[in-house]
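Novice: Before we start, here is the structure in question, set down as structure tokens.
Just so it is clear, none of the values below were taken in a lab; they were calculated from the coordinates. Note that the coordinates shown come from a computational prediction; the quantities given were computed from them, not determined experimentally. Don't worry about glycine lacking a Cβ; one is built from the backbone with ideal geometry, like all the others, and counts go over all protein chains shown.
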């Protein structure tokens, strides 16, 4: 049976036609080198091994997927020109003709199949395999037609294929380079790889044989500068043209200074303080609600984030498909009296040192956090710790380096009451978060239900929404999930990231993307 | 001329002593002299400049920096004193054993000590904290263990020299058992040198504690530690320099104080080494 697509109708306009109308190249000069400073070096430049930002920032400019997500968060064609849903588990893509990889290998259906096989059937599977839900692989129909197959009906398939890490790689290069491919990837993108000096820099240059509008810059140099202060100095002195993760405290001054441009947009990461809902006393929903009332989230946003983040209105960020405003400010306003009243209801009474007690037990929570993984994560942890104390709750914070925190958070059992974490809905589809974070079967190491949240109704809803290909229905199902979660909060959502990048004003044509990983540089130029 | 008389005439050493006494009193009296609860936050007053309300300004959480520096003295001195005791106790036992027993035991112990000495000091401390986990107590232990090898060598050297002196030989000839020789005749003569070393060690211990806390491996928030304060203050160095500078000065003063006292003590107790560094 052939079904005409009802997913995002009218979306896949022929991409080339649209791109050529945009009058960006005329006004800007070709040439120049862009120097970027950012805190960390990539793990790898191969999406099979690296799905985090430091690598993605670089390879996003070299590798292209079938689809992409534009800066309005809409799915757009890239290496595919159109698609058609063949069955609930099969989507057929027509591929862009006359596209070549950087090494001259022609791009075709075989390359798509090769990329997916390598990622999904490899041992171990690619890092992104777990992000791709029930994606099962690709089947070659003819040279420029490919069927993408899922194991079961999978609603988020298009947004999954549009993820930053779904770039198609050159089969010839992978076979020839072997393990070295991860340090020098070959794709079809507007930039190609030049060199990578570990912990110093990565250099990429313009691909002059690109199928679309060619990049304006000659070269891009990604430098590693771990210290926030040092990055800002590099920008001030002109050693760098662009700084990633700029210092929030310096933004007000930079916004006023005509030598710099502050680029910002709402991001899709929610940073939160999570509860272990299976561990007493946090298994009592009243205690969790009391803790939400105890936190002055606005004060944190105003004084710690200082305009560099937006309020978290729920467990998802606005812009993600399926997002619903959970009305947290109405449900859980900052109110210490309310917090204390809820704790009293739950049987807690003030002890001799001001900390609540119940049956001889103090209301003391152990809390695992890192410092520096997410903007101001250590600071918000410390601020909430102090706010808890004001309502008689003691938090014993253990600050460990990120790798150690990650390891413990991914472990089962998890032995802390609380944890500070950030979560990006990488494919911009609610499934990615609501399924992996709140389905009762998704407890680590399987998924990311670090809160050990369990509600059969939520399980049913997220399963149903994952299988449905009807986007309107899916949106309704996710809405209900978020209504339930709002009543049983297992997080204190603190902020949604704002993506902020500062450039010198000589940098023209740069557009910041809501997804941190999608650092697109092909329309950017530097006037010097 | 007695040791105290010599010490008293050394003005820098006296200055150091005064500073050490002030630091000690600050630590003991912290709850009475600190104007605010060091953990009390007032987010709207973040990074407040020094002024009438906050004499030395407020940090990134609007906490009073003066109060935090005062409470930080407790951490610094506690870690300093306790780790010096650990280093001295460990070093004395190992050094006397090696020096007095000699032979294979001496050789084994000293090779082990040399291996530890070969590590850069921060690396050794980091390794110990990594094994034990972060926290004030573990930091103290790490700093103490770091001090053991040097004390061991000093003690062993002194024991070797004293063992050959005539009065020890005389005591031995009179049939004094080894334990008595060590306790009555050798140990008292090692002590002055050790006191000098311990004082200088305190300065380094305070610095190492600050370094570990700076790296996030020392005391945990919201406890005030100078190193931690510098660490969090460095992010706002350009907009609010006082947040990192004030605790930085505190570290400098404490380290200087112990160094001055240590130098003074050395000159006073060990005239042969006077003027040397």
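Novice: Shielding of B:216-223 by partners, i.e. mean partner chain Cβ atoms within 10 Å per residue?
Specialist: Averaged over the peptide's residues, the number is 4.
Novice: While we're looking at this one, here's another question. Per q in 0.08, 0.09, 0.11 1/Å, what log10 I(q)/I(0) does a Debye calculation on the alpha-carbon atoms of the protein assembly as shown return?
Specialist: -0.81, -0.96, -1.25
Novice: Evaluate Rg over Rh across segment B:42-117, taking Cα atoms for both radii and Kirkwood's formula for Rh.
Specialist: 1.44
Novice: Once the Cα gyration tensor of chain B is found, what semi-axes does its equivalent ellipsoid get, as square roots of 5 times the eigenvalues, in whole Å, sorted largest first?
Specialist: Value: 41, 22, 14 Å, ordered largest first.
Novice: Post the alpha-carbon centroid distance, segment B:189-227 to segment A:107-173, in whole angstrom.
Specialist: Each part's Cα centre sits 56 Å from the other's.
Novice: What is the mean number of Cβ atoms from other protein chains located within 10 Å of the Cβ atom of each residue in peptide A:146-154, rounded to a whole number?
Specialist: The shielding value for this peptide is 0.
Novice: In whole Å, how far is the Cα centre of segment B:32-95 from that of segment A:185-219?
Specialist: Distance between centres, Cα-based: 50 Å.
Novice: Let me ask another. Taking a label point 7 Å from the Cα of residue B:22 along the Cα→Cβ vector, which residues of segment B:234-257 have an amide N closer than 13 Å to it?
Specialist: Of the residues in segment B:234-257, B:250-257 have backbone N under 13 Å from the label point off residue B:22.
Novice: Then there's this: Determine Rg/Rh for segment A:175-253; Rg is computed over alpha-carbon atoms and Rh is the Kirkwood hydrodynamic estimate from the same atoms.
Specialist: 1.07
Novice: Most fluctuating residue of B:101, B:240, B:187 in a GNM of chain B with Cα springs under 10 Å: which is it?
Specialist: Of B:101, B:240, B:187, the most mobile in the Gaussian network model is B:101.
Novice: Also: For every helix of n ≥ 4 consecutive DSSP H residues, a contribution of -39,500 (n - 2.57) applies; sum these over chain B, divide by its total residues, and give [θ] at 222 nm rounded to the nearest 500 deg cm²/dmol.
Specialist: -24000 deg cm²/dmol
Novice: Could you work out, residue by residue across B:39-45, how many beta carbons of other chains sit within 10 Å of that residue's beta carbon, and then give the average as an integer?
Specialist: Mean number of neighbouring Cβ atoms from other chains: 5.
Novice: Ignoring everything except DSSP H segments at least 4 long, calculate the 222 nm mean residue ellipticity for chain A; use -39,500 (n - 2.57) per segment, divide by total residues, nearest 500.
Specialist: Computed ellipticity for chain A at 222 nm equals -7500 deg cm²/dmol.
Novice: Calculate the radius of gyration of the Cα atoms of segment A:272-417 to one decimal place, then report Dmax, the largest Cα-Cα distance, as a whole number, both in Å.
Specialist: 15.6, 49
Novice: Taking N as the number of residues in segment B:133-258, what value does Rg over Cα atoms divided by 2.2 N^0.38 Å take?
Specialist: 1.52
Novice: When the Kirkwood hydrodynamic radius is evaluated over all pairs of different C-alpha atoms of segment B:57-196, what value in angstrom, to one decimal, is obtained?
Specialist: 17.2
Novice: Could you tell me the calculated FRET efficiency between residue A:209 and residue A:298, based on Cβ-Cβ distance and R0 = 56 angstrom, to the nearest 0.05?
Specialist: 0.60
Novice: With the crude spin-label approximation of a point 7 Å out along Cα→Cβ, what separation in nm comes out for residue B:44 versus residue B:137?
Specialist: It is 4.1 nm.
Novice: For the pair residue A:121 and residue A:488, how long in nm is the line joining their label points, each one 7 Å along Cα→Cβ?
Specialist: About 4.1 nm, to one decimal.
Novice: Run the numbers for residue A:480 and residue A:255: contour at 0.36 nm per residue of separation, minus the present Cα-Cα distance, in nm.
Specialist: Stretched fully, the residue A:480-residue A:255 segment lengthens by 77.0 nm.
Novice: Give the Cα extents of segment B:105-145 along the principal axes, in whole Å, largest first.
Specialist: 35, 18, 13
Novice: Let me ask you something else. So if I restrict to the alpha-carbon atoms in segment A:163-306, what is the Rg, and what is Dmax, the biggest pairwise distance, in Å?
Specialist: Answer for segment A:163-306, Rg first and Dmax second: 22.2, 62 Å.
Novice: So, one more: For the pair residue A:194/residue A:239, report the inter-label distance in nm, with labels modelled 7 Å from Cα in the Cβ direction.
Specialist: According to this spin-label approximation, the distance is 1.9 nm.
Novice: Related question: Cβ neighbours within 10 Å, averaged per peptide: list A:482-494, B:68-80 in order, most packed at the top.
Specialist: Averaged packing, sorted descending, gives the order B:68-80, A:482-494.
Novice: Show me the ranking of peptides B:147-158, A:209-220 by mean Cβ neighbours inside 10 Å, starting with the highest.
Specialist: B:147-158, A:209-220
Novice: Need the C-alpha centroid separation for segment A:339-365 versus segment A:458-528, integer Å.
Specialist: 38
Novice: Counting pairs of Cα atoms in segment A:68-215, how many percent are more than 23 Å apart?
Specialist: 37
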